[in-house]
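Chemist: Let me give you the structure first, and then I'll get to my questions.
Read-outs: derived from the displayed coordinates by stated rules, not from any lab. It should be emphasised that the depicted structure is a prediction, and the values quoted were computed from it without experimental measurement. Counting neighbours? That spans all protein chains shown, and the Cβs are built from the backbone with ideal geometry, glycine included.
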Amino acid sequence: MSEFTGLRAVVTGGASGIGLATATLLAERGATVACLDLDTTVEKPLLGIRCDVTDDTSVRDAVSAAVAALGGLDIVVNNAGIGAQGTVEDNDDAEWARVFDVNVHGIVRVTRAALPHLRSSQHAAVVNTCSIAATMGLPQRALYSATKGAVQSLTYAMAVDHLADGIRVNCVNPGTADTPWIGRLLASADDPAAERASLEARQPSGRLVTATEIAGAIAYLAGPRASATTGVALPVDCGMQTLRPRR
Ligand code: NAD
């Protein structure tokens with residue numbers, strides 16, 4: 001029997017990048033998985049359900065649809081997120097509200113809708129996709145970093161609140177990862193090759209993290225083998241948070 005046999009998962013932002021890699025890996029390991037995303041074009045056995053994490057009604061409808069289709073819910077991967085560039089001077093109030101609405105309030109809405117179902121599970125786990133930006137000062141990422149700092153704090157707060165419910169809550173903190181998101185970022189740079197080389201050089205290993213590597217960490221935290229692990233922020237960053245190799 002596979003590790004996730006009989007377990008039912010929803011992955012927000014599951015149609016692309018880290019979310020799609022996670023949904024695919026969980027399904028390969030035996031879970032039934034619904035991808036909650038603005039984009040519903042995922043391939044079987046994944047189930048695509050339209051969900052806008054900034055809209056509470058949309059979230060409640062999508063979680064209900066997932067629970068009905070999967071027969072319950074054990075795992076929530078809060079992964080949907082958007083980026084923002086610039087210093088604290090560069091984004092107006094509306095942009096601050098928009099990015100917080102997706103990256104932080106989205107986690108609140110999805111988890112709030114899922115909790116009644118998670119309480120009925122014997123293996124309940126929530127994994128949030130945070131970022132190295134929560135703990136490191138990265139240039140031109142004031143707004144994005146603030147949202148991810150909030151995600152890490154929220155992870156700890158939810159972990160302690162739901163200890164008694166038997167629901168584990170953890171997050172992964174990826175370094176720069178090779179996903180469609182970073183592809184779009186590079187495509188918009190003046191010199192995409194130089195920008196990519198700069199991002200790679202920032203990682204102690206000299207390369208970007210893959211979506212599959214992050215999916216592996218999320219699956220570990222989501223799975224029964226991590227049953228003693230809650231309230232943890234797990235870096236998946238090729239050493240970026242802790243290592244200073246000599247060049
Ligand atoms: P991606 O752009 O490839 O995928 C993001 C997905 O989220 C898309 O499918 C998109 O449709 C969905 N989404 C966006 N807004 C949504 C909304 N309102 N409702 C529902 N779905 C929505 O990005 P990715 O690189 O896979 O990033 C996924 C997560 O990983 C994000 O939370 C991001 O902050 C985090 N992260 C990414 C990196 C990186 O370098 N790529 C590093 C650290 C953390």
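Chemist: Which residues does a label at D56 reach in the stretch 125-154, if reach means a backbone N under 19 Å from a point 7 Å past the Cα toward the Cβ?
Modeler: Taking a point 7 Å out along Cα→Cβ of D56, no residue of the stretch 125-154 has its backbone N under 19 Å.
Chemist: Just the number, please: percent antiparallel of the DSSP beta bridges in the chain, rounded to the nearest 5. Display every interim value, and only then the final one.
Modeler: On the way: 0 of 28 bridges.
Of all bridge pairs located within the chain, approximately 0 percent are antiparallel.
Chemist: Let me ask something additional. Only four residue types carry charge here, +1 at the Cβ of Lys and Arg and -1 at the Cβ of Asp and Glu. Report the dipole size of the stretch 116-247 about the Cα centre in Debye, rounded to the nearest 20. If you can, show how the numbers build up before the last one.
Modeler: Details: 12 positive and 9 negative charges, 54 e Å.
Its charge dipole is roughly 260 debye.
Chemist: Tell me the net charge near V88. Cut-off is 14 Å between Cβ atoms, V88 excluded, with +1 for each Lys or Arg and -1 for each Asp or Glu.
Modeler: Values: positive: R141; negative: E89, D90, D92, D93, E95.
Net local charge, V88 excluded: -4.
Chemist: Something else about it: For the stretch 78-149, what does the equivalent ellipsoid look like in terms of its semi-axes, each the square root of 5 times an eigenvalue of the Cα gyration tensor, given largest first in whole Å? Kindly include the intermediate steps, with their values, before the conclusion.
Modeler: Working: eigenvalues 162, 37, 8 Å².
Each semi-axis is the square root of five times an eigenvalue, giving 28, 14, 6 Å.
Chemist: While we're here: Can you pull the semi-axes for the chain, root of five times each eigenvalue of the Cα gyration tensor, sorted largest first, whole Å? Kindly include the intermediate steps, with their values, before the conclusion.
Modeler: On the way: eigenvalues 163, 76, 63 Å².
Semi-axis lengths for the chain are 29, 19, 18 Å.
Chemist: Moving on. Extension gain T242-M136, at 0.36 nm per residue separation less the Cα-Cα distance, in nm? Show your work: numbers first, answer last.
Modeler: Values: separation 106, 0.36 × 106 = 38.16 nm, distance 1.02 nm.
Result for the pair: 37.1 nm of gain on full extension.
Chemist: Would you kindly state how much longer the chain becomes between D165 and S64 on full extension, computed as 0.36 nm times their sequence separation minus their alpha carbon distance, in nm to one decimal?
Modeler: Numbers: separation 101, 0.36 × 101 = 36.36 nm, distance 2.02 nm.
Extra length from D165 to S64 when fully extended: 34.3 nm.
Chemist: Moving on. Would you tally the net charge around A189, using a Cβ to Cβ cut-off of less than 14 Å, leaving A189 out, and scoring K and R as +1, D and E as -1? Before the final figure, lay out the partial values.
Modeler: Values: positive: R184, R196; negative: D190, D191, E195, E200.
Overall, the nearby charge balance is -2.
Chemist: Next up: Taking R0 as 30 Å, what's the FRET efficiency between S120 and I82 from their Cβ-Cβ distance, rounded to 0.05?
Modeler: Working: r = 32 Å, r/R0 = 1.06.
Step by step, r from the Cβ atoms, then E = 0.40.
Chemist: Mind ordering 84-96, 157-169 by average Cβ neighbours within 10 Å, highest first? Spell out each step's value before the answer.
Modeler: Values: 84-96: 12.1, 157-169: 16.8.
Going by the mean number of other Cβ atoms within 10 Å, highest first, we get 157-169, 84-96.
Chemist: OK, next. Taking the simple approach of a point 7 Å from Cα along Cα-to-Cβ for both A194 and E89, what is their distance in nm?
Modeler: A separation of 2.2 nm, rounded to one decimal place.
Chemist: How many angstrom lie between the Cα centre of the stretch 57-113 and the Cα centre of the stretch 204-222?
Modeler: Each part's Cα centre sits 21 Å from the other's.
Chemist: Hand me the GluC sites (Glu not before Pro) from the stretch 1-79 located in a DSSP loop with no more than 16 other Cβ atoms within 10 Å, in residue order please. Don't skip to the answer; put the middle values down first.
Modeler: Values: sites: E3, E28, E43; in loops: E3, E43.
Here the GluC sites (Glu not before Pro) that fit, given the DSSP loop and packing criteria, are E3, E43.
Chemist: Work from the charge dipole of the chain (Cβ charges, +1 for Lys and Arg, -1 for Asp and Glu, about the Cα centre) and give the residue of S145, L26, A228 farthest towards its positive end.
Modeler: A228
Chemist: When only Cα pairs under 8 Å and 6 or more residues apart are kept, what is the percent relative contact order across the chain? Numbers along the way, then the final one.
Modeler: On the way: 497 pairs, mean separation 47.3, N = 247.
Worked out over the chain, it gives 19 percent.
Chemist: Here is a follow-up. Can you compute the equivalent ellipsoid semi-axes for the stretch 135-219, i.e. the square root of 5 times each eigenvalue of the Cα gyration tensor, sorted largest first and rounded to whole Å?
Modeler: Details: eigenvalues 180, 46, 22 Å².
Gyration-tensor ellipsoid for the stretch 135-219: 30, 15, 10 Å.
Chemist: Under the rule of -39500 (n - 2.57) per DSSP H run of 4 or more residues, summed and divided by the residues of the chain, what mean residue ellipticity at 222 nm is obtained, to the nearest 500 deg cm²/dmol?
Modeler: Details: 8 runs with 99 residues, N = 247.
Result for the chain, helices only: -12500 deg cm²/dmol.
Chemist: List the relative contact order of the stretch 22-140 as a percent without decimals, with contacts defined as Cα pairs under 8 Å and 6+ residues apart. Intermediate results must be reported in sequence, preceding the final value.
Modeler: Numbers: 143 pairs, mean separation 29.9, N = 119.
The value is 25 percent.
Chemist: Compute the length gained on full extension between V232 and T40: take 0.36 nm times their separation in residues and subtract their Cα-Cα distance, giving the result in nm to one decimal.
Modeler: On the way: separation 192, 0.36 × 192 = 69.12 nm, distance 3.05 nm.
Net length gain for the segment: 66.1 nm.
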